[in-house]
Structure formats: C-alpha cells, structure tokens
1. Give segment 49-84 a look and list any residue that's surrounded by 17 or more Cβ atoms within 10 Å (Cβ to Cβ) and within 30 Å of Ile177 (Cβ to Cβ), or say none.
2. Please verify whether Ile87 is surrounded by 24 or more Cβ atoms within 10 Å (Cβ to Cβ) and either within 25 Å of Leu315 (Cβ to Cβ) or touching a Lys or Arg at 6+ places or on another chain (Cβ under 7 Å) (or both), treating the condition exactly as stated.
3. Of the residues that sit in segment 185-228 and are part of a loop (DSSP other than H, G, I, E, B), basic (Lys, Arg) and at pLDDT below 80, which one is farthest from Glu114 (Cα to Cα)?
4. Can you find a residue that is of a type in the set (Ser, Thr, Tyr) and buried (at least 23 other Cβ atoms within 10 Å of the Cβ) anywhere in segment 300-310?
5. Considering each of Ala153, Ala127 in turn, give the residue that is more than 26 Å from Leu315 (Cα to Cα), free of Cβ contacts under 8 Å to residues at least 60 places away in the same chain and of a type outside the set (Ser, Thr, Tyr).
6. Name the residues in segment 7-26 that are surrounded by 23 or more Cβ atoms within 10 Å (Cβ to Cβ) and either at pLDDT below 95 or within 11 Å of Phe93 (Cα to Cα) (or both), would you?
7. Just to be sure before I move on: is Gly320 part of a loop (DSSP other than H, G, I, E, B), crowded, with 21+ Cβ neighbours inside 10 Å and not aromatic (Phe, Trp, Tyr) in the structure I sent?
8. Going by the conditions given, is Phe232 under 22 Å from the mean Cα position of the chain (by Cα), part of a helix (DSSP H, G or I) and farther than 21 Å from Arg49 by Cβ?
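The values are calculated or read from the model by the stated rules, or taken from the named source; none is laboratory data. Keep in mind the model is a prediction, meaning the values are calculated, not measured. Every residue, glycine among them, receives a Cβ derived from its backbone with ideal geometry; neighbour counts consider all protein chains shown.
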Amino acid sequence: MKSDTRGLRLVPATATDYRELARRRLPRHLFDYMDGAAYDEVTAGENLRGFSSLTLRQRVLRDVSSLKLSTRVLDQDIAMPVVLAPIGIAGAFARRAEVQAARAAEAAGVPFCESTVSICSIEEVGARTTAPFWYQLYVMRDRGFARELMQRAQAAGCPVLVLTIDLAVMGARYRDIRNGMAGGLGLGGKLCKAWDILSHPGWLLDVAIKGKPLTFGNLTRAVPDARSLPEFKAWVDSQFDPAVTWKDIAWVRENWPGKIVLKGVLDVEDARQAASVGADGIVISNHGGRQLDGVEASITALPRIADAVGDRIDLLMDGGVRSGLDVVKALALGAKACMIGRAWGYAVAARGEAGVAHVLATMRKEMEVALALTGTTDVADLGPNSLLD
C-alpha cells in the first residue's frame, strides 16, 4: 500500500480509505470526475451528512447467533441488500473496470449494473461473468438506438433495466470545467493535464496502455473513441431529451420484457406516478449530487416515499452510501436495497477487482455487526424501530 500524508503505509479498511488511494492513483481530471458533483457540491455533502445524522438503536441480550442478510429484490435473490450502481466511464479508472466490478459482485452474490456509457460493452461483461447483471439506459432522442441497446441487453440476459430519468438536462460540474474534463483548456492547461497524466505511471500503464481499446463499448457506433471527450459531450448533449414525460415509459415497456426501475426519484408525487405507470421499482436518488445542487439528501426523501408507495413497488436508494451501517439505516427507513456508486468506483480505481471485493466484504461485516447490536436477526425485520427518534 502507498504511504499516507504522515508517511505511514495506508492499509484500506473502508470506502473512505479507497477514496484516498484512488485520489493518488488517478490523474486529477479522472478523480474529480468520479468524486465531484454539481455546482458547490452541497447536496453531495448532504447525502453523507444525512446518514451520519441517523442513530441506530442498540439492543442487548437477544439471540443473534444466526443472521440473515439475503433478501429478494425485483424477483431476484441476492446475498445482501446491495447493488453496484452504474458508473459512467468506469473503465477509465482501472483496466476493464466494469468487468472487474461485475466479477466481484458475482462472487459476493449481488447485482452489478452496467452503464450505457461504460468502457466495457454489454457483450464483454456478459462474456466474462456468469451471473445476470442489470443494464442502465438513458432516455434518448434516438429511439432506434435506445431500442438497439435494450435488445443487446436482453440478448446478454439482463433481467432488469434501470432507466435514468433525472437527466432532462445536464447539471454543471465545476470541477470538470476547472480541470479540463469538459474541454476548453488553453495550451498551458493542456500541458499541465499531460504532465498530470505522466505523473501517474501506474494508471498510465494499467489503463491507457494495457486497458485498450478505450472506447465507449456500448456506443462505438456513436462515439468511437472514449478519449475524444468533446465528441462524447456533443453526443450526450444531442441525446438527452428534455421533452420526455411519463407517457414515454409506455414505449420503454413495449420494448423491454423484464423488470423496469426508474432511477432519479426524490418527490412523493413522482414516486406515486412511477407506481401508476407500472414501474417495478424506483431508485430514490439525486444522482449523487451530480445534477441539481441544493436538493435534499436521498436518505431524507426515503421515509416519505416509503410511506407512500413502499407497499406497491420495490424501493432502492443511492447517494452517500459508504458503509454497511448506511445500508442498515436505509433499510430501517424503508429501502429494500442500496445502490453503491462511488464506493466501488474508488475501490476499483485503487485495487481493481480485489478492491471491490474487499469493499463488499467489509460492508457485509458491518451489516452483520449492526444487525447483531440492534438485536435484529434478519434484514427484513429492520424498520423505524431500529433507529432512535
């Protein structure tokens, strides 16, 4: 392991430790892309603070010799209530990162969700794993292309389509502007960026040299080269559709025979609408604070939505989930499972598949401890009574 700022060797124990290792390993523009959020990043911070403000209710002298973390989400049995969330361009953080993460998820018995803008294609992930994985899709203007992607996901055996619905327009991520990820650098900035890349030889060898082809595996027809960020941004700007409404979910249903999950719901009325249009689940999410800064934390929105529709559809949540304790708190407030994004992104950037496996194993152990010391033997029994008022 690398040394920390005090000259000590940092042995990662938590997702926060992996964040520090990822920060050291990645060129700045890539770390900022994964770590950053919209505008002043207030909501991203609130996602974390929302969990820290919740207090577990410790109970003692109960038989907790047998603990059950397994659960059923969207008609799928999983070993613990965790799903690896879709992360765009994850394969730029580590060599073929989506495959590495999918393999770690399979070994842990939890689902992996492939992003539309992954470096590894649907087919590559499918060829390197045996467990069914989920697929995330944006609502695109080019419906023919969207249909083609759904057909590819179906052919790969994906049982769940996660439709991201909070991208009618793109939020401004100021870190990406400052470091040149969004383009616009002058000659001096480009030279600094090139030096930054050369100053990270481990990443350069692992990803830029050995990790080829660096393409958007699901989008090669539209964006052939993942290194062409201006071209990618132009495609994104042309495809996100601000005219999409609830009526368009029917079109998705016509073209997808499996489960449909709507990702990006924060409002109770939107949750009710999602249930009424036939969604099988929703992800209560503010996109990790990467879209509209100043909205509430996902964990804060969760209890109201659970009260409104928790008996009608499966509820997942993401945003700020960094530990098994966070997962337990979310389940106590009504979620069936949590999606983790940055936690596995940091881990794969730092240590590849082994890092993701370690984060998942750590979360599992943390959940077991939290269950035992709240006097709970089954994640299905978690509820408001598991927290102090």
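1. Gly50, Phe51, Leu84
2. Yes; evaluated as a whole, the condition is true for this residue.
3. Arg227
4. no
5. Among Ala153, Ala127, only Ala127 is more than 26 Å from Leu315 (Cα to Cα), free of Cβ contacts under 8 Å to residues at least 60 places away in the same chain and of a type outside the set (Ser, Thr, Tyr).
6. Matches in segment 7-26: Ala22, Leu26.
7. For Gly320, the condition - part of a loop (DSSP other than H, G, I, E, B), crowded, with 21+ Cβ neighbours inside 10 Å and not aromatic (Phe, Trp, Tyr) - is met.
8. So Phe232 passes the test.
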